[in-house]
Structures are given as structure tokens and as C-alpha cells.
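The values are calculated or read from the model by the stated rules, or taken from the named source; none is laboratory data. Note that the structure is a prediction, hence the values are computed from the model and not measured. Positions of Cβ are generated from backbone atoms using ideal geometry, with glycine treated the same way; all protein chains shown enter the neighbour counts.
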Amino acid sequence: MAIAALVPTLAAAQSDIADRLTMHGSLNQGYGKAFRMPTLGLPLNGTSDYRTFTFQVRYKLDDKNQVVSQLFNRRFGTSPLAASINDMTLQWAYWQHKEGNLAVKVGRNPFPRGLVNEVRYIGSVTPFYRPPIELQSDAFDAIDGVVATYHKELPHGFSVDQHVFGGGSEFRAIATTTTGISLRIARTENQYGYQTFLNVPVANIRIGAYGTRYSFRQSTGTGHRANTVFSGEGSVGRVKLMTEHSRITGHGPSNDNRSGYYMGIVRITDRFSIADQYSYTNRKLYFTDTALNFMYPELRNHGVVGIFTINPYAQFKVESHWKKGWAWDSNTPPTVSSTNPTLNPIYHGSYVLISIAASY
Amino acid sequence: MTNTSMLRRAALLAIAALFAGVAPARAGAQGFQIIAHSSVKADAIDKATAEKVFLKKAASLNGGAVTPVDQAIASAVREAFSKSVLGKPAAAVNQYWQQQIFSGAEVPPATKTGDDAMLEFVKSTPGAVGYVSAGASTAGVKVLALK
């Protein structure tokens, strides 16, 4: 009798949990090989130690409140950056409160920066294995702090998505100096800024502007930076175009870094698409910790990818990239002759990457 | 960017655009009926509003809260509904939801497998809005005319 009374209660409790709890995950598993110069964790003899995996759990407290956490596993081949990446990290952990068109997230949040920053590790969303690292760097993938988002419908079908944020973030980079490659791990703090998107009711056009200021703390000292990103995307029928351009300026050390990309994606059939991408970095960096007191480490990257949709949950991709510049995983040291520093000749290289992207 | 690389990229995109031009998307016939719980304050819905509801850009209809429900992604009725109401194949809508999920913004509507399960859920859930195949039973729920 008591058991019979308990069964509907348990069933109701299970149904309640099922309504409140959602789980999602993604896997991006690659095999890649570089030619002439190792790059982005891909060695000359190839590696399959190349993966991103996320597992997201979202619990709905009520219609207005949720808590979200996302675990993150990342393997980055033989990249010097791999030493600074934990095998498993808590990528997100935030509480979200919604009030009409306003949403506020507090904790470790997705970082609204440009078109695809929040989904940079989700291969089923990005055409290539990852968005152009020239724009993303290995930085700003989450923000510890507050993000407020407001959506407003405008006349004639236009709308605006406005994000404002404050907090701090992580930054990792490979620095090439006269003495070799060094890993720079830094934090941005006292960071604040905005990301605005204007949604145009024609051709799915979205135009974005991002601006932020922050202090930049690393082992060699503290600096200050400002960053702007301008973005645009649109699609007509089977063709989608995207472009983003960033500029980071500041001092400590003085820095002027321009980067960006152009991308075109064409859905040839319902199951097969191709994308073409050109990305660049023009970086003017004034060193204070080496004999070389200035440098222009520019980089060009052209990539193409074929994307085959296996089913609604998985894609198979084959991509090839051609790079030239000084940004590689092995050292391409500048030459210092007396007091006149000169750069070595520009290096050319390429890599291929085969990957499976799945998400649910 | 060199002239050669610019030309190479332009040629690639032109070829791709040509393919896109000769292979237009097939328009799907309307093989579905939009259904709603009896509490929903509407007898008809236009495509723009339906799109907002099913993409969770609007949480109410005529002032009443609504909860959208989808059919399984591989089902024919979902494909027909997606192409007709949302203007893109179910796979493209799934892509939209993946972007929403992993940008931390929103999760997709609950999914019901089959017309019977959809009908049962909509019938018993105040505010629910879903869709079933054209010939399926709609007993006990409202059928919203698509304007």
C-alpha cells in the first residue's frame, strides 16, 4: 500500500527532474599533419592527440533562473601551449537570471566577442575545426564576472542584441624572441566592455561591434590594452559570408595588433558544404625584454574545407591550410647583428586536418 | 594578399556560387498541422510569429505563455515544418540550436517522437504548441491555422 502510494510520487519527481535538467555535449576529434613547419600543435609526423570535448549541464530552477556548468577537455597536439592547458577544466559555471528580454549571467561565462567566440571549440557549428586563431588567439574564451544581455525589437524588422560585461579572462600565447620560444600566460583584469549586434531583416545580415579595455598581467609585468572587433555576416540561399577584424592596442609592452578574416561557406547539397577562409595578423610589437626592440610578426593563412554531414549530429571534415609568417610551434628566431636587429626570411608552411565533429 | 591568392579565392567562391545557383532548394509541401493546448489564446498563427515561438525568440502568443515542442529531428514532419515555417531544413535549424546551446544562450524545445506522443503532450500541457503530420488525429487540441 505504502509502495503503491510512493510510485506516482517518484514518477512525478523523475518527470520534474527531466523537465529541469538538460545535458548537452560536443566532440571535435582531429588528425592533423603539418608540412615544412609545425604549427597549431600539428607536428611534421602527424598527431591524433587533437581534440575538444564539452559536456554541459543546465538545471532550470524556475522559468527565470538557471545554473549552467560546462566541462571542457582539450588536447592540442605538440603545441607549446599544451603545457598550459589542463586535461579537464570547468569552462563555464554561471547562474543565469532572465527578466523579459534581459538576461544576466554571473560566474564564469561565455565571452561575447564577435560572431563565434562562444562556440569556438564546437566543430559542429564552425565550418573549420576552429575559427581563425589569428583573431581569437588563445584568449578570451570565457570571462569571470558578469555578462548582461538585452534583446530589443526595432521597427521594420530590425533588432539589436546588446551585451555588456565586466570581469577578467585568461590569455595564452607563444612568444618568439631572440633566445627562443616562450610561453606567455597572462590574465586580463578590470576588464569591461560591450558587444552589440544589429540584426537586419534582409539576407540574415548581422553587424557587430565590440569594444573593451583591460589591464594585462603577466610574469614580465603589467600592461594595459584596448580591443575593438568589427564583425559582419549574411547569407542568401546556400551561400554565407562572414568577416571580422580586430585591433588590439596598448602598452606594457607597446603593442598594435591587427587581425581578421574573410570566410565564404557554400552548401552544395543538403549534406555537403565547402568553405574558404583567408585570415591575417599584422602585429607591431615593441619588445622590452630582448635585444630586439621592435618586430612585425605578420602572418597569412588561407584554408579550404569540405564538410560532409553524416547525420544531424555529426560531420566529417577535411581541411587544408597554407600559412606564411613567423608564427610557428618551433622557433624562427630573429637575427641580431650588433644593434641592428633583422628578421629571418618569412617561412611558408601548410597543414591538413581531418576531423569528426559531433554534438547533441 | 597577393593578386594570385585573391584570384584563386575569387575563383573558388565563384564556382561554389555557380553550384548553388544550379541546385536550388526544393520547396517542401505543407505536410503538417500546428496544434496547441486548448488554453492557448489563438486560433491562427502567422509564419513570422510561429518562427519566433519555435526558435524561442518569443515566449508568449496573444499575451499567453506558450511552450514550443518539436518532433524528432529525422522525422518527415519536422523537415516539412522546418522548411515551411522556419524557412530552412531541419539540419540547419539544428545548427542554429547548437549555436544557441554552446553559446550559453538557450536550449531547444523539448522533442516528442511521433504524432501520438506529440498529441498526448500538447493535450496535457497548458500553453504547449507543437505540430503533427497532415493526416494525424488532432482530437482534444486546437489546430492553429497557418496564415
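Okay, here's what the table says:
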read-out	value
So A:R271, is it buried (at least 16 other Cβ atoms within 10 Å of the Cβ), within 14 Å of another protein chain (Cβ to nearest Cβ), touching a helix residue (DSSP H, G or I) at 6+ places or on another chain (Cβ under 9 Å) and of a type in the set (D, E, K, R)	no
Those residues of region A:160-179 which are surrounded by fewer than 16 Cβ atoms within 10 Å (Cβ to Cβ) and within 14 Å of chain B (Cβ to nearest Cβ), in sequence order	A:V160
Top-ranked residue of region A:244-268 - restricted to ones that are hydrophobic (A, V, I, L, M, F, W, C) and part of a strand (DSSP E or B), ranked as farthest from the other protein chains (Cβ to nearest Cβ)	A:I248
Identity of the residue in region A:289-331, of a type in the set (A, V, I, L, M) and part of a loop (DSSP other than H, G, I, E, B), that ends up modelled with the highest pLDDT	A:A327
Listing of helices (runs of 4 or more DSSP H) fully contained in region B:61-138 that carry 2 or more residues being farther than 28 Å from B:S38 by Cβ and within 11 Å of chain A (Cβ to nearest Cβ)	B:90-102
Extreme residue, farthest from A:Y262 (Cα to Cα), among residues of region A:120-147 that are crowded, with 24+ Cβ neighbours inside 10 Å and among the small types (G, A, S)	A:A142
Residues that are more than 23 Å from A:E118 (Cβ to Cβ), crowded, with 18+ Cβ neighbours inside 10 Å and of a type in the set (G, A, S), drawn from region B:99-133	B:G127, B:A128, B:G130, B:S133
Criterion violated by A:V106 - all others in (1) within 12 Å of chain B (Cβ to nearest Cβ); (2) more than 17 Å from the chain's Cα centre (by Cα); (3) in contact (Cβ under 8 Å) with a residue 40 or more places away in the chain satisfied	(1)
Of residues in region A:38-58 being surrounded by fewer than 21 Cβ atoms within 10 Å (Cβ to Cβ) and away from chain B (no Cβ under 14 Å), the one nearest to A:T309 (Cα to Cα)	A:R51
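Table: residues versus (1) touching a Gly at 6+ places or on another chain (Cβ under 9 Å); (2) within 21 Å of B:A42 (Cβ to Cβ); (3) without any contact (Cβ under 8 Å) to a residue 60 or more places away in the chain.
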{"position": "B:E79", "(1), (2), (3)": "yes, no, yes"}
{"position": "B:L86", "(1), (2), (3)": "no, yes, yes"}
{"position": "B:K112", "(1), (2), (3)": "yes, yes, yes"}
{"position": "B:A117", "(1), (2), (3)": "no, no, yes"}
{"position": "B:A134", "(1), (2), (3)": "yes, yes, no"}
{"position": "B:A139", "(1), (2), (3)": "no, yes, yes"}
